[in-house]
1. Name the residues in region 12-46 that are touching a Lys or Arg at 6+ places or on another chain (Cβ under 8 Å) and without any contact (Cβ under 8 Å) to a residue 12 or more places away in the chain, would you?
2. Going by the structure shown, is Asp54 at pLDDT below 90, surrounded by 10 or more Cβ atoms within 10 Å (Cβ to Cβ) and of a type in the set (D, E, K, R)?
3. In the list Lys41, Lys33, which residue meets the criterion of being farther than 23 Å from Arg69 by Cβ, in a loop (DSSP other than H, G, I, E, B) and at pLDDT 95 or above?
4. Quick one: in region 36-45, of everything that is surrounded by 11 or more Cβ atoms within 10 Å (Cβ to Cβ) and not hydroxyl-bearing (Ser, Thr, Tyr), which residue is farthest from Val59 (Cα to Cα)?
Amino acid sequence: MVTSDMGPQDPKAVTRDIARDLSGLAGELAALKGDAAHWLKGPEYETLKHRLEDAHAAVEAALIEASRRCGSTRGGKGDVYGQA
């Protein structure tokens, strides 16, 4: 989202957009975690797998906070999880 050419925006709308982006990012991180768990078996990959887990947890926490801020819930109107 590029906001340099736009005027002031409703904070809830911006938060909702951020939450939607975070939702996509959480899905991508979940897929990467799955790939890492499936393909990277050696102990030398444990740090990478832990960092992916931490990143996924951080994105999920930010998504929850954004959802609270904009008043959206899963499955409701204006759902931040890409569903409606």
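The values are calculated or read from the model by the stated rules, or taken from the named source; none is laboratory data. Computed from a predicted model, the values in this text were never measured in an experiment. Ideal geometry is used to build each Cβ from the backbone, glycine not excepted, and the neighbour counts take in all protein chains shown.
1. Within region 12-46, just Leu40 meets the criteria.
2. no
3. Within the list Lys41, Lys33, the selection yields Lys41.
4. Only one residue fits best here, namely Leu40.
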